[in-house]
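Engineer: Would you mind keeping the following structure in view while I ask a few things?
Since every read-out is calculated from the coordinates, none of them should be taken as a lab result. Keep in mind it's a predicted model, so treat the numbers as computed, not measured. Quick reminder, even Gly has a Cβ in these numbers, built from the backbone with ideal geometry, and neighbours come from all protein chains shown.
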Amino acid sequence: MTPGVRTRFAPSPSGPLHVGHLLAALSALRLAERHGGTCLLRIEDIDARAQKPEFTTLLYEDLEWLGLNFPGEPMVQSRRFGIYGAVLETLRGRGLLYPCFCTRTEIRAQVAEMGRAPHATLGYLYPGTCRNLPPELAAERIAAGVPHTWRLDMQKVQDLVGCPLWHDMYRGTQRTVPTRYGDVVLARKDFPASYHLCVVVDDAAQGITHVTRGADLFEATHIHRALQAVLGLPVPQYCHHSLLRDNAGKRLAKRDGARSLESLRRAGFTPRQVLESLQTALRQGGIWYAPGD
Ligand code: GLU
């Protein structure tokens, strides 16, 4: 028992919850339970184009149906843009952000020209094209309304914080080399704060001591660790759990509507059957069969 352990379930409501989300929720809940701690809920709904209020409503219905409870009011990211904006302002004031005017197509071409392949989980790492734009030119473009993003200058981050350490409960001590992840986008005009920024700010705001999340976010944790170092935030422990696969070995994803909790509920399965199917999947190394299969 480690009293004071605090985990969180942090779904992004960009579609109905599926069994992969349920695995994430159970990992967070169980870890908290094992330590006599608490598991909080956070709705990560900063992307208004992808995330719809009806999915948030459905998410609450699914959690209720499953009998999964989280104490207190959930934290809702779409209500916190003022807080993220203030953090961005601090980073900008410290000279750690720069405006970038490259389009996605341009970045793809730049990366290809340098003979680099996209990163397996983080996509096209930005090669830093706009990092050294003369400030007057950048200001002129911004004033003219040219679309731009704000990127974190990882070289400056590394000069400032070096290569900080973090701990993964399965994989042991990790060392983050900030410059390996490219200058990540922290804000866009139509999307005033990025996942990386919000997750780091909110894990600290909610006092999260242990972050459980899918192994697909392992590399992103390095980016988060760099941000925590720069912002002087506490560093949780991490536990990256394996992802669910179907019996053909394919990763289960939101687009597989048939595996949504809503569709299982509508098909007449009980919460208990769904939870049991997940326990079986865990025993079978993550291969999931729908209840009744
Ligand atoms: N919101 C993210 C998702 O649903 C998870 C974020 C996290 O666990 O850090 O994929």
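Engineer: So what is the 222 nm mean residue ellipticity for the chain from helices alone, if each DSSP H run of at least 4 adds -39500 (n - 2.57) and you divide by all residues, rounding to the nearest 500 deg cm²/dmol? Kindly include the intermediate steps, with their values, before the conclusion.
Structural biologist: Numbers: 10 runs with 114 residues, N = 293.
Helix-only estimate at 222 nm: -12000 deg cm²/dmol.
Engineer: What does DSSP give for the chain in terms of the percent of beta bridges that are antiparallel, rounded to the nearest 5?
Structural biologist: Details: 15 of 28 bridges.
Within the chain, antiparallel bridges account for around 55 percent of the total.
Engineer: Can you divide the C-alpha Rg of region 59-107 by 2.2 N^0.38 Å and report the result to two decimal places? Present the calculation step by step, with values, prior to reporting the outcome.
Structural biologist: Working: Rg = 18.6 Å, N = 49, 2.2 N^0.38 = 9.7 Å.
Ratio of Rg to 2.2 N^0.38 Å for region 59-107: 1.92.
Engineer: So what is the relative contact order for the chain, in percent, with contacts set as C-alpha pairs under 8 Å and at least six apart? Before the final figure, lay out each step's value.
Structural biologist: Numbers: 447 pairs, mean separation 59.5, N = 293.
Result for the chain is 20 percent.
Engineer: Ok, one more. List, in order, the whole-Hz ³J(HN,Hα) value for each residue of region 44-51 obtained from phi through the Karplus relation with A = 6.51, B = -1.76, C = 1.60 and θ = phi - 60°; use x for Gly and Pro.
Structural biologist: 9, 10, 7, 9, 5, 6, 9, 9
Engineer: In whole angstrom, note down how far apart the Cα centers of region 187-254 and region 132-152 are.
Structural biologist: Region 187-254 and region 132-152 have Cα centres separated by 28 Å.
Engineer: Can you list the cysteines of the chain that have no other Cys Cβ under 4.7 Å away?
Structural biologist: Those would be C39, C102, C163, C198, C239, since no other cysteine Cβ in the chain comes under 4.7 Å of theirs.
Engineer: Can you tell me the Rg and the Dmax, both Å, for the Cα atoms in region 166-233?
Structural biologist: Spelled out, the Cα radius of gyration and Dmax of region 166-233 are 12.3, 38 Å.
Engineer: How large is the Rg to Rh ratio of the chain when both quantities use alpha carbon positions and Rh follows Kirkwood? Don't skip to the end; give the middle numbers.
Structural biologist: Details: Rg = 20.2 Å, Rh = 20.6 Å.
So for the chain, dividing Rg by the Kirkwood Rh gives 0.98.
Engineer: Under a 5 Å amide H to amide H cut-off, with H placed in plane at 1.01 Å, what residues pair with D45 once short-range neighbours are removed?
Structural biologist: The list, which skips near neighbours in sequence, is Q77, S78.
Engineer: How long are the semi-axes of the ellipsoid equivalent to region 207-253, from square roots of 5 times the Cα gyration tensor eigenvalues, in whole Å, largest first?
Structural biologist: Over the Cα atoms of region 207-253, the ellipsoid semi-axes are 28, 11, 6 Å.
Engineer: For region 22-97, just the Cα set please: Rg and Dmax, both in angstrom.
Structural biologist: Every Cα atom of region 22-97 included, Rg and Dmax give 16.0, 48 Å.
Engineer: Also, quick follow-up: What are the semi-axes of the equivalent ellipsoid of region 158-293, taken as the square roots of 5 times the eigenvalues of the Cα gyration tensor, listed largest first and rounded to whole Å? Mind dumping the intermediate values first?
Structural biologist: Details: eigenvalues 237, 60, 39 Å².
The answer is 34, 17, 14 Å, longest axis first.
Engineer: Divide the volume of the convex hull of the Cα atoms of region 46-133 by its number of residues and quote the answer in cubic angstrom per residue.
Structural biologist: Working: hull volume 14.6 nm³, N = 88.
About 166 Å³ per residue, rounded to a whole number.
Engineer: Pairs on different chains or at least eight residues apart, Cα atoms closer than 27 Å: how many lysine pairs in the chain fit?
Structural biologist: 5
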